[in-house]
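The values are calculated or read from the model by the stated rules, or taken from the named source; none is laboratory data. In this text, all values refer to a predicted model and were calculated from it rather than measured experimentally. Don't worry about glycine lacking a Cβ; one is built from the backbone with ideal geometry, like all the others, and counts go over all protein chains shown. Note: areas computed on protein heavy atoms with side chains; ligands, DNA, RNA excluded. Shrake-Rupley method; radii C 1.70, N 1.55, O 1.52, S 1.80 Å.
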Amino acid sequence: MGFNSMILVFIVVVGLCPYWAAAVTYNVVNLGAKGDGKTDSTKAFLHAWTAACASASPATIYVPPGRYFLRNAVFSGCKNHAITFRIDATLVAPADYRVIGNAGNWLAFEDVTGVSILGGILDGQGTGLWACKNSGKSCPSGATTLGFTNSNNILISGLTSLNSQKFHIVINGCQNVKLQGVRVSASGDSPNTDGIHVQLSSGVTILDTKIKTGDDCVSIGPGASNLWIENVACGPGHGISVGSLGKELKEAGVQNVTVKTVTFTGSQNGVRIKSWARASSGFARVSFSNTSSWSMSKTPFSLTNITAPTTRTVSGVKVSDVTYQDIHGTSATEVAVKFDCSSKYPCSGINLKDVKLTYKNKAAEASCANADGKASGFIEPESCL
């Protein structure tokens with residue numbers, strides 16, 4: 001090999017060294033965290049994050065067994081695009097809801113890429129705030145347990161969220177996010193505790209997840225697109241909801257959303273689309289398929305896009321190309337299918353295929369207003385489109 005060739009090989013090898021470097025691990029205990037459930041470990045977690053971000057190779061932040069008390073923390077400003085949180089522990093929020101109640105998020109990730117959260121339990125300790133809200137007193141709005149904002153290539157796997165003050169998990173302004181094997185648990189009467197909320201995001205997948213909470217199991221906000229939800233168990237909770245849409249005059253629409261193989265048990269609703277009764281540029285195009293709505297579901301599926309009774313303002317959200325396929329189960333109310341759309345902007349392109357819903361062991365009823373579409377296959381209750 002000539003001298004010039006040796007120099008070239010040396011340059012190539014040196015240039016590739018960062019990619020060959022072994023992954024590094026940062027144990028939060030070695031950085032001062034204590035798993036006694038009482039000692040504030042927030043700084044230790046942030047120190048681990050800073051070290052991982054400074055690493056030129058993939059990094060793991062390891063949380064060994066224990067209970068780690070954390071105040072609100074923001075993880076951001078990271079150039080390392082391969083960081084994994086491996087959590088074999090429970091992270092505990094302050095029991096006094098006032099400490100983080102107005103923080104927005106308890107644990108927030110902002111402007112990050114390539115972050116994975118594997119395992120772990122997040123205990124939001126929200127029962128005190130729920131009691132405050134249910135009493136009618138003046139209370140903080142509450143903190144979301146885990147929030148990702150303006151982030152890409154995110155994985156959340158095997159995580160459990162307990163008793164969040166407000167929303168459990170929020171995906172906002174993100175691309176390419178996968179949630180798999182997630183567990184959400186809160187009381188059926190806990191206020192504003194949506195399980196997973198997605199908005200202004202594309203390429204989000206929610207798989208093999210169980211959600212028990214006091215609000216929507218999954219809520220889908222404006223600007224959500226290319227969203228896939230499959231094999232989800234919901235209940236108690238308010239079902240899977242698109243909306244409310246149309247709160248703002250200029251609002252991004254919801255499109256290419258698929259909800260497949262979902263079971264509702266003891267939920268107030270099944271799948272629904274809802275909008276504000278006000279002018280808006282918003283829209284929704286969604287597909288629901290292979291969905292089971294079991295007993296105590298108040299309305300297995302509904303679409304509400306109506307006029308406000310006091311101001312007579314109609315909703316500007318345009319709902320079209322919505323498919324309900326292979327949906328079966330029982331309803332807790334006689335009207336199991338409800339399409340209530342505005343006269344100015346009727347719902348169009350609704351497609352029902354192979355639907356069987358019963359009420360007290362007999363056929364349920366369907367109700368339609370300003371809704372157009374078609375039905376095929378076995379349909380019970382009889383289509384009102």
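Other residues lying with their Cβ under 10 Å from the Cβ of GLY237 contribute a combined charge of -2, Lys and Arg counting +1, Asp and Glu -1. Calculated accessible area for segment 143-188 comes out at 29 Å² per residue, all protein chains present (probe 1.4 Å; ligands, DNA, RNA ignored).
The convex hull built on the alpha-carbon positions of segment 219-281 has an orientation-averaged projected area of 4.1 nm².
Of the accessible area of the chain, computed with a 1.4 Å probe over protein heavy atoms only, carbon and sulfur atoms account for 52 percent.
What percent do you get for the relative contact order of the chain when only Cα pairs under 8 Å and 6+ apart count?
Working: 1227 pairs, mean separation 28.8, N = 385.
After rounding, I find 7 percent.
Over 28 Å between Cα atoms, which of LYS247/LYS344; LYS274/LYS344; LYS298/LYS374; LYS137/LYS338; LYS166/LYS274 qualify?
Among LYS247/LYS344; LYS274/LYS344; LYS298/LYS374; LYS137/LYS338; LYS166/LYS274, the Cα-Cα distance tops 28 Å for LYS137/LYS338.
Restricted to Cα atoms, segment 112-208 shows a radius of gyration and a Dmax of 13.9, 42 angstrom. Packing order of peptides 228-236, 59-67, highest average first: 228-236, 59-67 (average count of other Cβ atoms within 10 Å over each peptide's residues).
Across segment 252-259, rounded Karplus estimates of 3J(HN,Hα) from the backbone phi angles (6.51 cos²θ - 1.76 cosθ + 1.60, θ = phi - 60°) give 5, x, 10, 8, 6, 10, 10, 10 Hz, Gly and Pro being marked x.
Mean Kyte-Doolittle of at least 1.0 and a Cα length of 30 Å or more along the axis: which whole DSSP H helices of the chain meet both?
none
Over the chain, the ratio between the Cα radius of gyration and 2.2 N^0.38 Å evaluates to 1.12.
With the convex hull drawn over the C-alpha atoms of segment 71-143, the volume per residue is 88 Å³. Residue separation of THR39 and LYS344 scaled by 0.36 nm, minus their Cα-Cα distance, works out to 103.9 nm of gained length.
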